[in-house]
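Heads up: the structure comes next, in C-alpha cells.
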Amino acid sequence: MKEDIQARIGQLRDAMRADGVDAVIIPQTDPHQGEYLADHWQVRRWLSGFTGSAGDLVVLADEAFIWADSRYWLQAAQQLDGTGISVMEDGKPETPAIVDYLCAKLPSGSTVGIDGMLFNVSATRDMQQAFEAKGISLKVDFNPIDTLWLDRPAIPANDVFVHPVEFSGEDAVSKIGRVMDEVAKRGADAIFISDLAEIAWTLNIRSSDVECNPVATSFLYLGPQGATLFIDQRKINADVEAYLSARNISTRPYGDILSFLSGLPENEHVLISSGQSAGALLPVLGARAIVGTSAVAMLKAVKNETQLKGVRDAMLRDGVAMVRSLMEIEATMAAGEHLTEIGVGDILLRNRRQGERFFDLSFETIAGFGPHGAIVHYSATPESDATLTPDNLLLIDSGANYIDGTTDITRTITLGNPTNAQRHDFTLVMKGHIALATAIFPVGTRGAQLDVLARINLWKEGLSYLHGTGHGVGHFLNVHEGPQSIRLNDTLAPMTPGMITSNEPGLYREGEYGIRCENLVLTTDAFTTDFGHFLKFETLTLCPFDIRLFDTDIMTDEEIRWVNDYHAMVCERLLPLLDAPAQEWLIEKTRPISK
C-alpha cells in the first residue's frame, strides 16, 4: 500500500509538471463543501492513504504534507509513515497555514493548482489575494484526477425517497417559502444551494448517497425561474417525481448547474453561501452573485415540535440499544471470550438495527481501547483491531439515524479495575460535562462563550483537549450540522431554543487511554427576570455513565446530585422498555453515588 501511495503521488507530480503547476492543494471535500464524502470524492484519501474525515493534502515537486487537526495527529502519523508524506499538526502555534507555507516556500512566478469546485467562495478569494500579493498564480481548473484514478467510483445514484411530514413536521412548500423570505432579507431574488443536508431538509427528501448521511447528491435553485433540483434522473422514481411536481419543483441533470447559472437573467441576484458554495460559481454568476451566509442553516437547526418528539422517541430506542450493547460487552469480557474493537461496533449495530425506524448509523462507530482511545477520531481496521482486555478503558462514540431522529453518544467504560489516575481524569471530564449541562445563560449567548465551562477544571490542572466541545446535530440528517457549535473559536451563531447540540468534553493521554463523555442537549427556555430572558439545556440522551469511574472526593454535592438525578431519569424512561435481566443490569449501573 505504501508503494501504491508513492506511485500515485509520483503520477500527480507528472501531471503538475505537464500543466506548469508547482504545488497542488487537495482538500477533503466535494463540490458541496461536505464533511462526509461519497467514495467518488475521496480523492485525498486515495492519493495519500490517510482516512481522517478532515485534513488537506499539499503536494510540491519535492515534498508533500497532510495538514491535520488535533483529532488526527496520531492517526495521520501512523497512516502516512513510509509514504513520503509528512504531517503538519494544524492548530499548533508553530504550524503555518497552508497558504502561508506556500507563500513562503514558492518563488514569485510559481503556480498553485486547485479544483475550483472543491474550495468555497471565501477560501478561494483568500487564496487568490494572498498568492497575488506574492506574485503567485492560482490555477482554479487543475483537476487531473480522472486521468490518474482509473477505477474511480461513480457519482452516487441511489434512490431518493420522501421524508414525510409525519416526521419532518413541515411541508416543503412551507419551507421553501421561509427560505425565500430569508433570501429577500439579504437583498437577493434567488438562492443556489449546494449543501446536501440543506437541500434534503428544504425539500423533505432523503437518500443514501453518503455513508451514514441520508442525503442525495444534488444542487437546488429557488427563484423567479421556479424551483429546480439538479440531480441524476435515475435517482427519481415515479412517486418522488409526482411529489416534486405537486410542489412545482422541476429536475435537471446534475451536471447542468454551470450552464443554468450562466443563463440566468443579468438582473437576477442569486444568493450563494460564502462557506458552502464553490468558488468556481463566482465567475459564472458574475455580477448576479450575492455572497453571504446560509439562508437555510438557522431554519434547519431550530427543530419543530414534531421533530423534537421524534428525537425523544429515538433516544428511547437508542438508549435500549446502548444498554443491551454495554451488557453484552460486559458479559463477553466476564466470560473470558475474545472481543475486539470491531466486534464492539458489530454489537452496537446489531442492537440498533432491532430498533423501530432504524435507517443507518449516523457515523462510523469509534471503539478505541486503551491507547487507541487517545486517537480522537480513531477508526479500527483489520490491521489495528485491538483485542479488549480487563486492564484499560474503552471509549465508544456511536450513533444512529432513525427516520424520526439522529443520535450521537460517547461513553467511556472501564473493563476492569480503574486506576486512581483514570478515575481522576474521568471525573474532571464529567465535571465539565455537568457544568455545561446545567448552564443557564441569557438569550444571545454563543457556544464560544459557554465552552470554558467544560474546560475550566481541566485547565486548572494544566490539562486540555483540542477538539470542540459541541456540534449541532441534524434531524434524520447529518450528525454534524451548524450553524451553532460549542468551541473555543466563535461561529457567531447564538444558542437558540430548538437547537440540538452535543456536550462532549474529553481528555486524551497519548499511548495510555482516552476519555470522552457525550450527551445531546436541547436548548430550551429557562426563565425571565428584570435582566432579560434566560435559556438552559435539556439533556436528551438516555444511557448511564460508568459509576465505577467517578472519584466523588473531587466532586461537589451538586455534581453528585446531577449524576444521580440523570441516572434516575434514565431508569424511569428505559426500565419499562427492557426485559428483566436488562432491568436488573440498569438498576445496578445507576445506583446512587456518594462521597
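The values are calculated or read from the model by the stated rules, or taken from the named source; none is laboratory data. Model, not experiment: these values are computed from the prediction. Every residue, glycine as well, gets a Cβ built from its backbone with ideal geometry; the counts of neighbours run over all protein chains shown. In case anyone asks, the SASA skips ligands and DNA or RNA and just uses the protein heavy atoms, side chains included. Shrake-Rupley method; radii C 1.70, N 1.55, O 1.52, S 1.80 Å.
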Quiz item: Could we say that Val376 is crowded, with 21+ Cβ neighbours inside 10 Å and either modelled with pLDDT of 95 or more or in a helix (DSSP H, G or I) (or both) here?
Solution: no
Self-check item: In the range 181-204, the residues that are surrounded by fewer than 19 Cβ atoms within 10 Å (Cβ to Cβ) and not charged (D, E, K, R)
Solution: Ala184, Gly187
Practice problem: Would you point out the residue of the range 128-142, among those that are open to solvent by 60 Å² or more (accessible area, probe 1.4 Å) and not in a helix (DSSP H, G or I), that is farthest from Leu271 (Cα to Cα)? | Solution: Lys134
Quiz item: Picking from Glu481, Glu510, which residue would you name as being at pLDDT below 95 and charged (D, E, K, R)?
Solution: Glu510
Self-check item: Top-ranked residue in the range 343-366 [being in a strand (DSSP E or B) and among the aliphatic types (A, V, I, L, M); ranked as nearest to Glu330 (Cα to Cα)]
Solution: Ile366
Quiz item: Pick from Pro96, Pro153, Pro107: which is touching a residue at least 60 places away in the same chain (Cβ under 8 Å), open to solvent by 10 Å² or more (accessible area, probe 1.4 Å) and closer than 30 Å to Ile25 by Cβ?
Solution: Pro153
Self-check item: Filter result for Ile236 (crowded, with 21+ Cβ neighbours inside 10 Å, among the β-branched types (Val, Ile, Thr) and either at pLDDT 95 or above or at positive phi (or both))
Solution: no
Quiz item: Given Gln11, Gln28, which one is surrounded by 23 or more Cβ atoms within 10 Å (Cβ to Cβ), of a type in the set (S, T, N, Q) and under 26 Å from Ala154 (Cβ atoms)?
Solution: Gln28
Self-check item: Matching entry among Leu535, Leu577, Leu507, Leu586 (being of a type in the set (A, V, I, L, M, F, W, C) and under 21 Å from the mean Cα position of the chain (by Cα))
Solution: Leu507
Quiz prompt | Spans of strands (runs of 3 or more DSSP E) in the range 510-565 with at least 1 residues buried (at least 16 other Cβ atoms within 10 Å of the Cβ), aromatic (Phe, Trp, Tyr) and in contact with a strand residue (DSSP E or B) (Cβ under 9 Å, 6 or more places away or on another chain) | solution = 513-516, 532-539
Quiz prompt | Residues being within 16 Å of Thr202 (Cβ to Cβ) and not small (Gly, Ala, Ser) - total across the range 294-332 | solution = 8
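Does Gly310 fit the bill of being open to solvent by less than 40 Å² (accessible area, probe 1.4 Å) and either modelled with pLDDT under 95 or under 28 Å from Asp115 (Cβ atoms) (or both)? Quick ask: steps written out before the conclusion?
Numbers: open to solvent by less than 40 Å² (accessible area, probe 1.4 Å): yes; either modelled with pLDDT under 95 or under 28 Å from Asp115 (Cβ atoms) (or both): no.
Answer is no for this residue.
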Quiz item: What is the one condition in (1) out of contact with any His (no Cβ under 8 Å at 6 or more places or on another chain); (2) at pLDDT 95 or above; (3) under 25 Å from Asp69 (Cα atoms) that Glu341 does not satisfy?
Solution: (1)
Quiz item: What tally of residues in the range 56-72 results from selecting those that are assigned to a helix (DSSP H, G or I) and buried (at least 21 other Cβ atoms within 10 Å of the Cβ)?
Solution: 2
Exercise. Could you figure out which of (1) closer than 15 Å to Pro283 by Cβ; (2) open to solvent by 60 Å² or more (accessible area, probe 1.4 Å); (3) out of contact with any Ser or Thr (no Cβ under 9 Å at 6 or more places or on another chain) isn't true of Arg125?
Key: (3)
Self-check item: Tabulated pairs, the range 474-487, first more than 17 Å from Ser273 (Cβ to Cβ), second among the aromatic types (Phe, Trp, Tyr) and open to solvent by 10 Å² or more (accessible area, probe 1.4 Å), C-beta under 6 angstrom, 6+ apart or interchain
Solution: Val479/Phe363
Exercise. Could you tell me which numbered condition Ile440 fails, if it satisfies all but one of (1) β-branched (Val, Ile, Thr); (2) open to solvent by 10 Å² or more (accessible area, probe 1.4 Å); (3) within 30 Å of Pro164 (Cβ to Cβ)?
Key: (3)
Exercise. Could you look through the range 445-504, keep only residues that are among the small types (Gly, Ala, Ser), open to solvent by less than 10 Å² (accessible area, probe 1.4 Å) and not in a loop (DSSP other than H, G, I, E, B), and pick out the one that is nearest to Val210 (Cα to Cα)?
Key: Gly472
Exercise. Can you run down the residue pairs with Cβ atoms below 6 Å, 6 or more apart or on separate chains, where the first is in the range 31-42 and closer than 13 Å to Ile145 by Cα and the partner is open to solvent by 30 Å² or more (accessible area, probe 1.4 Å) and of a type outside the set (S, T, N, Q)?
Key: His40/Pro153; His40/Ile155
